[in-house]
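S.K.: Encoded as structure tokens, here's the structure I'll be asking about.
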Amino acid sequence: MATPETTPGASRSAGRANGLFRTKSVEQSILDTDEPDSRLRKDLTAWDLTIFGVAVVVGAGIFTLTARTAGNVAGPSVSLAFVFAAIACGLTAVCYAEFASTVPVAGSAYTYSYATFGELVAWIIGWDLILEFALAASVVAKGWSQYLGTVFGFESATVHWGSVTFDWGAVTLLAVLGVLLAVGTKVSSRVSAIAVAIKLGVIALVIVVGLMYFNADNLSPYIPPSEPAQDSASGLHQTLFAFLTGAGNTDFGWYGLLAAASLVFFAFIGFDVVATAAEETKNPQKAVPRGILGSLLIVTVLYVAVTLVLTGMVPYTDLAGDNATLATAFAIHGVDWAETVISIGALAGLTTVVMVLFLGQTRVLFAMARDGLLPRWLAHTGSRGTPVRLTVIVGVICCVLAGFVDFGTLEEMVNIGTLFAFVLVSVGVVVLRRTRPDLPRGFRVPLVPYLPILAVVSCLWLMVNLSVETWLRFIIWMALGFVVYFAYGRRNSVLGRKTTNTD
């Protein structure tokens, strides 16, 4: 087996392996996956990864976000908004696919950044992903708890102790999923497949029954005339774009369509988690790109089909308000049983979303711990080839967050964290093409650098449509990350110690 000293990438990285921007060669990253004490089991196939992708992307959003966006922002053109969002997401997806086929190592954007931008940037993006996955898993678990009451007929899955509220539904879900992930990734994939089958069955039923009430006249005008926004935010609650330009306070019309694309883009968030499982895949060079792009294609078709049926069932004006869902359109036609069926689909959908986000969180932390930027003992894998210690710790933290914290507007932090990772991965493809053109790539992004540049522009547009408040919170979280890195990560970095010993 080749050693870091004899690999082509090692000599090229050595020149930059000093200080904050020392890079870890792709060859070294791959060699580290063979360490006996921190080796992940390779059980997954392209089909498993596709299931994971559909599992994490198709959640409750398809049952709620579609109706609200149509009624309040875009009208029937919400289906086109999903296409625009899918294009933006697809641009980033192909960048992830190239990286995952070139560097089939756990950690996703963190690992890719280590190989291209250096240790400090890798730490920043890893710190960012910790925020993204931990918050997302906890937030979605609380959403799952709300649907639990609807399906089983009780008022709430929470209990109150004085001023303290405990969400036992969310904690129960996280505890069960934690056990499944500790047992093995393949077992988790099988559970995901069952839940995905349930929610796809519900979506298929929604489409078939909805077509019975479809009226093409409801799709006209496809792009309704622009009108002043009903809920115009101000101060820290307005978008960064509105804060900087004073524009964007209208609904419907072309601006409404573009604003809707920014909103529904977040229904696609999560496909990047597929890349975190690259190290546990049997043939990652082919399987990971297929899993990422295949799952994105499937969910795009589902989203567009559901939105076309929804806006064809009733006039978009009947979906205005904050409480509109798919069930609203069916209730208008007297199909009252649809609410229960849709809730079952949402419950199954959110189960898989939480599971894959949980998986992504543990794999990013695992990669950071193996590199010494977090305590190395966290990267230990048990006899089943899974990071049991990390799974337990992440499970406990998420249970505390989901059980006791009311997130409110903190949910937007998930979005800005994800988009920031997307930007770095897109830029990283161009950088690695220039610094390591010799690397074998199982998948290659076409039209480099133009396509990655479009991906960056798309992500930045979506980021400026987030609130000023979210941007400020994100900056504070990043500043905290710098403190942790300089206090612990830089001094304990495995790459840093190797460089010091070599010198």
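S.K.: Of all residues in segment 260-291, which are assigned to a loop (DSSP other than H, G, I, E, B), surrounded by fewer than 24 Cβ atoms within 10 Å (Cβ to Cβ) and out of contact with any strand residue (DSSP E or B) (no Cβ under 9 Å at 6 or more places or on another chain)?
M.R.: I269, N283, listed by residue number.
S.K.: Also, I was wondering about something else. Spot the failing condition for P315; the list is (1) under 30 Å from I397 (Cα atoms); (2) at pLDDT 90 or above; (3) not polar (S, T, N, Q), and only one is missed.
M.R.: P315 satisfies every listed condition except (1).
S.K.: Every residue in segment 335-351 that is hydroxyl-bearing (S, T, Y) and in contact with a Phe, Trp or Tyr (Cβ under 8 Å, 6 or more places away or on another chain), please.
M.R.: Answer for segment 335-351, where residues must be hydroxyl-bearing (S, T, Y) and in contact with a Phe, Trp or Tyr (Cβ under 8 Å, 6 or more places away or on another chain): S343, T351.
S.K.: Another question about this same structure. Provide a single number: the residues in segment 73-90 that are over 10 Å from L310 (Cβ atoms), surrounded by fewer than 24 Cβ atoms within 10 Å (Cβ to Cβ) and either more than 21 Å from the chain's Cα centre (by Cα) or not β-branched (V, I, T) (or both).
M.R.: 6
S.K.: Residues of segment 416-441 being polar (S, T, N, Q), crowded, with 23+ Cβ neighbours inside 10 Å and either at pLDDT below 90 or not in a helix (DSSP H, G or I) (or both), which ones?
M.R.: Once the filter is applied, which keeps residues that are polar (S, T, N, Q), crowded, with 23+ Cβ neighbours inside 10 Å and either at pLDDT below 90 or not in a helix (DSSP H, G or I) (or both), segment 416-441 yields only T418.
S.K.: Against the conditions (1) among the aliphatic types (A, V, I, L, M); (2) closer than 20 Å to S295 by Cα; (3) not in a loop (DSSP other than H, G, I, E, B), where does A115 fall short? Just the number, please.
M.R.: Only one criterion is unmet by A115, namely (2).
S.K.: Report, ordered by the first and then the second residue, all pairs with beta carbons closer than 9 Å, sequence separation of six or more or different chains, a first member in segment 337-359 that is of a type in the set (D, E, K, R), and a second member that is not in a helix (DSSP H, G or I).
M.R.: Between residues of segment 337-359 that are of a type in the set (D, E, K, R) and residues that are not in a helix (DSSP H, G or I), the close pairs are E339/T325.
S.K.: So which residues in segment 491-503 are modelled with pLDDT of 85 or more and surrounded by fewer than 17 Cβ atoms within 10 Å (Cβ to Cβ), if there are any at all?
M.R.: R491, N492, V494, listed by residue number.
S.K.: Return the residues of segment 442-464 that are in a loop (DSSP other than H, G, I, E, B), in contact with a helix residue (DSSP H, G or I) (Cβ under 7 Å, 6 or more places away or on another chain) and surrounded by fewer than 19 Cβ atoms within 10 Å (Cβ to Cβ); say none if nothing qualifies. Lay out the reasoning, then the answer.
M.R.: First pass over segment 442-464, keeping only residues in a loop (DSSP other than H, G, I, E, B): 442-449.
Next, from what is left, pick out any that are in contact with a helix residue (DSSP H, G or I) (Cβ under 7 Å, 6 or more places away or on another chain): 442-445, 448-449.
Result: G442, R444, V448, P449.
S.K.: Please go through segment 300-330 and pick out each residue that is under 20 Å from the mean Cα position of the chain (by Cα) and buried (at least 24 other Cβ atoms within 10 Å of the Cβ). Spell out how you get there, then give the answer.
M.R.: Within segment 300-330, the subset under 20 Å from the mean Cα position of the chain (by Cα) is 300-304.
Once the filter is applied, which keeps residues that are under 20 Å from the mean Cα position of the chain (by Cα) and buried (at least 24 other Cβ atoms within 10 Å of the Cβ), segment 300-330 yields only Y303.
S.K.: Tally time: how many residues in segment 28-81 are under 17 Å from L350 (Cα atoms) and of a type in the set (V, I, T)?
M.R.: So the count comes out to 9.
S.K.: Among the residues of segment 324-382, how many are of a type outside the set (A, V, I, L, M, F, W, C), part of a loop (DSSP other than H, G, I, E, B) and modelled with pLDDT under 85?
M.R.: Residues flagged as of a type outside the set (A, V, I, L, M, F, W, C), part of a loop (DSSP other than H, G, I, E, B) and modelled with pLDDT under 85 within segment 324-382 amount to 5.
S.K.: Among residues belonging to segment 331-343 that are surrounded by fewer than 17 Cβ atoms within 10 Å (Cβ to Cβ) and of a type in the set (A, V, I, L, M, F, W, C), point out the one that is farthest from T50 (Cα to Cα).
M.R.: I332
S.K.: Does at least one position in segment 446-457 carry a residue that is in contact (Cβ under 8 Å) with a residue 60 or more places away in the chain and within 16 Å of S113 (Cβ to Cβ)? Spell out the reasoning first.
M.R.: Within segment 446-457, the first condition is being in contact (Cβ under 8 Å) with a residue 60 or more places away in the chain, and the residues that meet it are 446, 451-452, 454-455.
Right, trim to within 16 Å of S113 (Cβ to Cβ) and you get 452, 455.
Looking for residues that are in contact (Cβ under 8 Å) with a residue 60 or more places away in the chain and within 16 Å of S113 (Cβ to Cβ), one finds at least one in segment 446-457, hence yes.
The values are calculated or read from the model by the stated rules, or taken from the named source; none is laboratory data. Bear in mind the structure is a predicted one, so any value in this text is a computation, not a measurement. A quick note on method: Cβ atoms are made from the backbone with ideal geometry, for glycine too, and the neighbour counts reach across all protein chains shown.
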